[in-house]
Each structure stands twice: as C-alpha cells, then as structure tokens.
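Reading through the structure tokens given below for one structure.
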Amino acid sequence: MREQELIVYRDFEDDKLLNDMAWLMSHYDDEYYNVEDLRHLLYECLHLLIEQAGSYGFHGNLWHCYLTNLLVNNENSYSCGCEIKGEIEGTINMAALHDIRIFKELFDYDFAPLMERLDVPDFALALEYDSSARESKVYNTRICKRICELAVWLGESQDPEEMKKVLTNFYKEYGVGKFGLHKSFRIEHDENGVHIVPILNIAHVRFDDLVGYETAKRKLKNNTESFVMGLKSNNCLLFGDAGTGKSSCIKAIANEYYDRGLRIIEVYKHQFQDLNEVIAQIKKRNYRFIIYMDDLSFEDFEIEYKYLKAVIEGGLEKKPENVLIYATSNRRHLIRETTADKEEIRQDLHTGDTVQEKLSLAYRFGVTIYFGSPDKKQFDAIVKALAAKNKILLPEEELLLEANKWELAHGGLSGRTATQFIDYLLGGHGVN
C-alpha cells in the first residue's frame with residue numbers, strides 16, 4: 001500500500017492503526033514473516049477498530065468508518081480551505097486528488113485473501129458491525145450518523161474524482177477537524193501550551209424553549225445574525241438578575257447557528273492571559289467564533305479584566321473579524337463599585353479616573369441586553385409553558401399553586417426556579 005506517498009493528508013493524530021493495516025495488506029503473504037505474528041497484529045487491529053466503534057458510535061464497515069474519520073479530522077491546506085466555503089482553486093486540488101487515489105485503494109481493498117491466509121475469519125466482524133445503542137463519547141449523535149453515512153458514500157464512489165467531490169461537500173457543510181465536528185469548546189493550558197478542547201455534551205436548548213424575554217432574545221439574535229453573515233456586529237453583554245436565561249441564550253446560539261459556521265469557545269476568568277493565543281489559533285479559520293465568558297465580574301483587587309480590555313479593544317493588533325466576545329453577568333458594569341469611588345475626598349486624588357477605569361470594560365461591549373426577574377404573571381406563564389412542553393397533566397390552578405409554594409422556598413421568581421419546579425414534578429412528585 002502507498003500510505004507513505006501521501007502529500008496533503010499526512011500527520012494524522014492517530015495513524016498507528018492505518019500504518020499497521022497498510023503494512024499487513026502489503027506483507028500478509030510474505031514468506032519472510034512469521035504467520036503467527038501477522039495473525040496477532042491483525043487481531044490487534046480488529047480490537048482497535050471495535051474499541052473505536054464503542055467510543056465513536058460507528059457501525060457498518062468499521063474500516064471505512066476509521067478511514068473516513070481520518071479524512072474529516074485532518075486539518076490541512078485543502079480541507080481547511082474548503083471548510084464552509086466549498087471547493088477551492090489551484091494546484092492543491094491535484095495534490096489532494098493524488099491522496100484521494102491512495103485512500104480509494106484503501107477503501108476498495110479486498111480483505112478475503114488476507115483473512116484466509118492468516119486464518120482470521122473474525123475480521124469479518126469489523127466489515128459489517130452492528131453497534132450498541134450507547135451514545136458516542138466523542139461525537140454528538142448527528143455527527144456520528146453523518147460520518148457513518150459519509151463512510152458509505154465514500155466506499156460506494158465510482159472513482160477518486162467522485163470520492164473527492166463527496167468529501168469536499170462534507171467540508172463545505174460541516175467543516176473539518178474539531179471545529180467542524182463540534183459546537184462548543186473550552187480552554188486547557190498544560191506544559192505544551194494552550195489547547196482548544198471540544199465540549200462533548202451541550203444542552204440542546206433552542207430560543208423557542210426560552211419563554212418570555214422576546215425583546216432581549218431578538219436583540220441578541222439580530223447581533224449574532226449579522227456576525228454570522230459577515231456584517232458589522234458588536235461584542236455583547238447579557239446582564240441582569242440570576243436565573244433569567246442569560247446562559248441559556250448562549251447555548252441556544254450555539255445550537256441554532258452551528259450549521260452556519262458559528263462556534264462557541266468558553267473562557268474562564270483565570271484564562272484571560274491565554275486569550276491572545278486562543279485568537280491566534282482561530283483567526284485564520286473559516287468559522288465565526290464567539291468567545292464566551294459566563295458570570296463575568298471582578299472585585300477591586302482582581303486585575304484580570306485588564307487582559308480582557310486589551311483583547312476586546314485597545315491593543316495594537318486588530319481583533320479578527322471572525323471573533324466576537326459575549327459575556328453574561330449579574331453586574332451591569334462588571335467591576336465591583338463602591339460609594340467610595342465617587343466620594344470627593346479619598347486617597348485617590350483623581351476620582352473620575354478611577355470611575356472611568358472601572359466603567360471602561362463594560363463600555364467595550366457595543367450591545368448590552370438586560371434580563372430582569374419576571375413578575376408573578378410572567379412566572380406563571382413560564383411555568384405553564386414548561387408544563388405543556390413536558391406534558392405535565394396537573395390542573396392549571398393546582399400547578400400554579402404548587403409553583404408558587406416552590407418559588408417561595410427556592411429562590412423567588414425566575415426562569416431557573418420555574419425549570420427546577422418542573423424538574424421536580426418530572427421526578428415523580430405530584431405528576432398524574
């Protein structure tokens with residue numbers, strides 16, 4: 001096999017299985033090697049294919065699924081150029097087609113002689129595998145299904161040109177690598193530097209699931225829509241009372257704009273010094289990125305906000321057009337303010353400068369959206385809507401009476417309290 005001749009599709013994160021399988025394909029009938037050793041290697045490859053099926057949720061031809069997974073995760077000049085935008089022009093197409101010809105040989109390989117020569121009929125298990133109902137630990141269900149479908153389409157391609165076209169269409173629709181296959185990410189920093197790591201399970205929240213706050217949701221969606229379309233848009237601050245749906249709105253954005261190339265990267269306060277490195281890793285990709293900071297606020301002694309100020313606006317390097325900052329906070333001005341900040345007599349001789357320093361971070365968010373606690377009527381509407389959605393069959397009078405008791409004992413009127421009450425009922429307490 002010619003895996004060593006690959007030009008564009010090289011440097012796979014996990015290519016041991018590829019190398020071992022390609023070696024077996026080339027040497028299984030070579031009298032120089034001990035047949036028992038070859039059998040053991042093939043069984044090891046079978047083990048890896050089935051283990052991957054368990055982790056990724058793959059089914060069908062596991063060898064094809066493995067090769068497909070390599071292709072959709074390999075970030076190279078061709079795949080990254082095609083993500084979201086589709087087929088690109090230039091000589092790179094010829095280099096990519098050269099590699100696809102090699103993958104076509106791998107897809108079309110007939111395992112029957114190898115299985116017979118090494119007396120390993122069990123390898124047939126990997127060629128028509130029925131997966132368990134367990135969810136993938138690596139991909140969400142939709143992506144897992146799409147990769148398995150892509151594996152079938154690539155396997156059925158008549159020639160390398162058709163195979164390349166099918167793969168390129170996948171890059172256009174979903175993208176490539178971790179940014180193509182996942183909606184949201186977090187930051188990890190170890191001895192090897194800063195890494196953007198996928199968040200595997202994100203709540204499937206949609207804007208229609210969030211009852212009320214129509215003006216706030218519309219303002220947030222309008223700004224995000226402009227950003228996704230490549231129009232002028234602003235950094236956005238969602239502020240207001242606790243439990244009013246600010247964080248849920250960010251989850252809704254991640255779910256509703258994913259298929260249009262929007263990705264969310266969650267960053268915590270202690271990671272602000274890594275922001276420049278994060279932006280360096282994403283600024284040349286074809287996706288739109290929202291750097292998301294949940295429950296953002298600072299005390300007087302905390303200086304991390306200075307990193308954030310420089311990144312948002314004020315540093316010499318212009319913030320990339322494919323990056324915005326979204327934050328949620330219970331504080332409108334983010335940094336703790338005291339009455340001493342406005343006293344005329346204090347240790348600081350320039351009181352106005354102190355106030356402006358504290359306000360300057362909030363002013364860097366061009367769009368600010370307020371989320372206030374609902375009144376009793378709005379709270380009841382949220383409870384009724386959530387009960388209807390979850391098919392809770394309590395009479396309305398009883399439902400609202402129990403909801404009122406619940407909110408009095410569990411934090412007052414808020415969307416979060418209403419959701420917790422519904423979860424309580426769904427747990428079997430008082431549901432008919």
Odd one out for residue 1 among (1) touching a residue at least 40 places away in the same chain (Cβ under 8 Å); (2) under 27 Å from residue 130 (Cα atoms): (2)
Can you tell me which residue among 227, 207, 239, 289 is open to solvent by less than 40 Å² (accessible area, probe 1.4 Å), at pLDDT below 90 and touching a strand residue (DSSP E or B) at 6+ places or on another chain (Cβ under 9 Å)? 239
Only listed residue being more than 23 Å from residue 319 (Cβ to Cβ) and either surrounded by fewer than 20 Cβ atoms within 10 Å (Cβ to Cβ) or at pLDDT 90 or above (or both), chosen from 178, 217: 217
Can you pull out every residue in the stretch 133-146 that is surrounded by fewer than 19 Cβ atoms within 10 Å (Cβ to Cβ), touching a helix residue (DSSP H, G or I) at 6+ places or on another chain (Cβ under 8 Å) and either assigned to a helix (DSSP H, G or I) or on the phi > 0 side of the Ramachandran plot (or both)? 146
Kindly provide the set of residues from the stretch 147-164 that are touching a residue at least 24 places away in the same chain (Cβ under 8 Å) and open to solvent by 30 Å² or more (accessible area, probe 1.4 Å), ordered by number. 152, 159, 161
Restricting the search to the stretch 1-55, which residues are polar (S, T, N, Q) and buried (at least 16 other Cβ atoms within 10 Å of the Cβ)? 52
Failed item in (1) under 19 Å from residue 76 (Cα atoms); (2) in a helix (DSSP H, G or I); (3) aliphatic (A, V, I, L, M), with residue 17 passing the rest: (1)
If I go through the stretch 396-420 residue by residue, how many of them are touching a residue at least 40 places away in the same chain (Cβ under 8 Å), among the small types (Gly, Ala, Ser) and not in a helix (DSSP H, G or I)? 2
Within the stretch 181-200, the residues that are open to solvent by 10 Å² or more (accessible area, probe 1.4 Å), touching a residue at least 40 places away in the same chain (Cβ under 8 Å) and out of contact with any Asp or Glu (no Cβ under 9 Å at 6 or more places or on another chain) are 182, 183, 200
Search result, residues across the stretch 215-224 that are out of contact with any helix residue (DSSP H, G or I) (no Cβ under 9 Å at 6 or more places or on another chain), over 14 Å from residue 365 (Cβ atoms) and not basic (Lys, Arg): 215, 222
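The values are calculated or read from the model by the stated rules, or taken from the named source; none is laboratory data. Every value quoted in this text rests on a predicted model; they were computed, and no experiment measured them. Reconstructed Cβ throughout: ideal geometry from the backbone, glycine too, with neighbour counts over all protein chains shown. Protein only, heavy atoms only, side chains kept; ligands, DNA and RNA dropped before computing areas. Shrake-Rupley method; radii C 1.70, N 1.55, O 1.52, S 1.80 Å.
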